[in-house]
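Heads up, the thing below is written out as structure tokens.
Nothing in this text is a laboratory measurement; each read-out follows from the coordinates by a stated rule. Keep in mind it's a predicted model, so treat the numbers as computed, not measured. Note that each Cβ is placed from the backbone with ideal geometry, even for glycine, and that neighbours are counted across all protein chains shown.
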Amino acid sequence: MNHRFGIDPIRTSTIQRKVVPGTGGPRILVADDHALMRHGLALAIKVRFPGASVIEAGSLAEAIAKARGADDLSAVLFDLQMGDTDGLAGVETMLRVLDGVPLVVVSGTLDSAMVSACIRAGARGFLPKGCDVAVLDHALPVVIAGGIYAPLPQGVAPAQPLSPSAVGEESGARMVEELTERQREVLRLLLRGHSNKEIARSLGVLEGTVKVHLRSIMQRLRVRNRTQLALIASKSGLA
């Protein structure tokens, strides 16, 4: 299955995501009314992210209660269809409660319209239940770092890389404006010639987080390397 990364500018702050040094892994809330699926996701997260802790919820109401009782969530995996919620409405309710904590929608079906609707509503990712469990290795770090992880529907080709020479100032500015503020901060430092290590030190994050940001930015701006990225960014006026 092909997947893509994107960046969503929506940001929101009742439950705030914390980075807790020394914990060894993220704290994830898994909400699904099918116990087998929920336990399987929880086990997969613990296996693939040593040190991770997982909270489980079997309904929207339980997910809300447990989210409100946890002030250090890294992300939430949320089933699109649960007994006490109605698809997108449930996602929107949960997003309001989380108020900034990344939410990844998990669904038994891959419908491009629903994927788009969830991302527009503020979800940071979308995972089909039929995807390989290894997808978690890529999806969770991306959404926790502020990016978006969503699948390309079957039969849809990935966007072709842009030629920086074909991007004008107005379109370049619009593309960069769609990035998150943290992504723009990374881009500004890149334009000043800073290395990944220097960017990480300046922003107070891990070097691996900077790499995730850069991959997401390049995917969103449809460029292949730092040179093309710098050309488009410079046209945007960000420098």
What residues qualify as long-range amide H neighbours of Arg27, i.e. H under 5 Å apart, gap of 5 or more or another chain, H built at 1.01 Å from N? Ser53, Ser74, Ala75
What FRET efficiency do you get for His34 and Glu178 if R0 is 30 Å and r is their Cβ-Cβ distance, rounded to the nearest 0.05? 0.25
Both in Å, the radius of gyration and Dmax of the C-alpha trace of region 81-138 are 11.3, 30
With no solvent and one point per C-alpha, what does the Debye sum give as log10 I(q)/I(0) for region 44-116 at q = 0.18 Å⁻¹? -0.74
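Using the 10 angstrom Cβ neighbour count as an exposure proxy, how do Met82, Met218, Met37 rank, fewest first?
So the ranking, lowest neighbour count to highest, is Met37, Met218, Met82.
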Going from the fewest other Cβ atoms within 10 Å to the most, one would list Leu80, Leu98, Leu88, Leu229 as Leu88, Leu229, Leu80, Leu98
Let me check I've understood the local charge: for Ala57, count other residues with C-beta under 13 angstrom from its C-beta, Lys and Arg +1, Asp and Glu -1. What total comes out? -3
How many nm separate the modelled label positions at Thr109 and Arg215, each set 7 Å beyond the Cα in the direction of the Cβ? 3.1
Could you give each residue of region 58-71 its phi-based ³J(HN,Hα) in whole Hz, using Karplus coefficients 6.51, -1.76, 1.60 with θ = phi - 60°, and x for Gly or Pro? x, 7, 4, 4, 5, 4, 4, 4, 6, 5, 5, x, 10, 9
Label points 7 Å out from Cα along the Cβ direction at Ala70 and Ser195: separation in nm? 3.7
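Taking the Cβ of Ser202 as the center, what net charge do the other residues with Cβ under 14 Å away carry, scoring Lys and Arg +1 and Asp and Glu -1? Could the numbers behind the result be given before it?
Values: positive: Arg182, Arg184, Arg188, Arg192, Lys197, Arg201; negative: Glu185, Glu198, Glu207.
Net of charged neighbours comes to +3.
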Just how far, in whole angstrom, is region 186-237 from region 109-152 if you go by their alpha carbon centroids? 22
Given R₀ = 41 Å, FRET efficiency for Leu43-Leu231 by Cβ-Cβ distance, to 0.05? 0.35
